[in-house]
Amino acid sequence: NEKDRTSSSASSSQHNASSTMSVTNLPSNLQISCKEYHEKYKSKNDKPHVLLDVRVKRQYEMCALDNSINIPLNEIKEKIEEIEKLSDRGTKPIFCLCRRGIASAEATRIIQDAIGAASHDGILSVYNIDGGLNAWVEEVDPSFPKY
């Protein structure tokens, strides 16, 4: 069917148009670029927020952004109440970060699912920092260590 092929190829080209979407499968409203995050939250504005680095402890100890909090991806579900407290019961948005933006996308998904659960309504917003620390080096701070 011509219509099916057209809509299928349109959705496939739309899917391929954004490498971010194909890697993380997160909706764009749950993602923020490193540059946008830096401009809104890390530069002169320094709005209250939680920067959650979800890399394993060894990687976090090698290099980390200032004021980030390390909760590895494999501990996110069991520490969701701690994350609620860090966000001051929803007054601070949460930004998830990792090396390439893949583990942090999964962490964002886990936290977003918890937001939808009635038992964890103390978190209002969570975002994945697209591209992670590798993108941070490219978009914001070339002197940040890349490994």
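All other residues whose Cβ lies under 10 angstrom from that of Asn134 are scored, Lys and Arg at +1 and Asp and Glu at -1, for a net of +1. Stretching Asn67 away from Glu81 to a fully extended chain increases their span by 3.1 nm, per 0.36 nm per residue minus the current alpha-carbon distance. Among residues other than Gln59 with Cβ under 9 Å from its Cβ, the summed charge is +2 (Lys and Arg +1, Asp and Glu -1).
If the chain linking Asn25 and Asp88 were pulled fully straight, counting 0.36 nm for each residue of separation and taking away their Cα-Cα distance, it would gain 19.9 nm. Within the accessible area of segment 36-97, the carbon and sulfur atoms contribute 44%, probe 1.4 Å, all protein chains present. When Rg and the Kirkwood Rh are both derived from Cα coordinates, the Rg/Rh ratio for segment 54-147 amounts to 0.98.
The values are calculated or read from the model by the stated rules, or taken from the named source; none is laboratory data. Just so you know, these numbers come straight off a predicted model, no measurement behind them. Glycine gets a Cβ as well: all are built from the backbone with ideal geometry, and neighbour counts include every protein chain shown. For the accessible areas, the whole protein counts, side chains as well, though only heavy atoms, and no ligand, DNA or RNA atoms are used. Shrake-Rupley method; radii C 1.70, N 1.55, O 1.52, S 1.80 Å.
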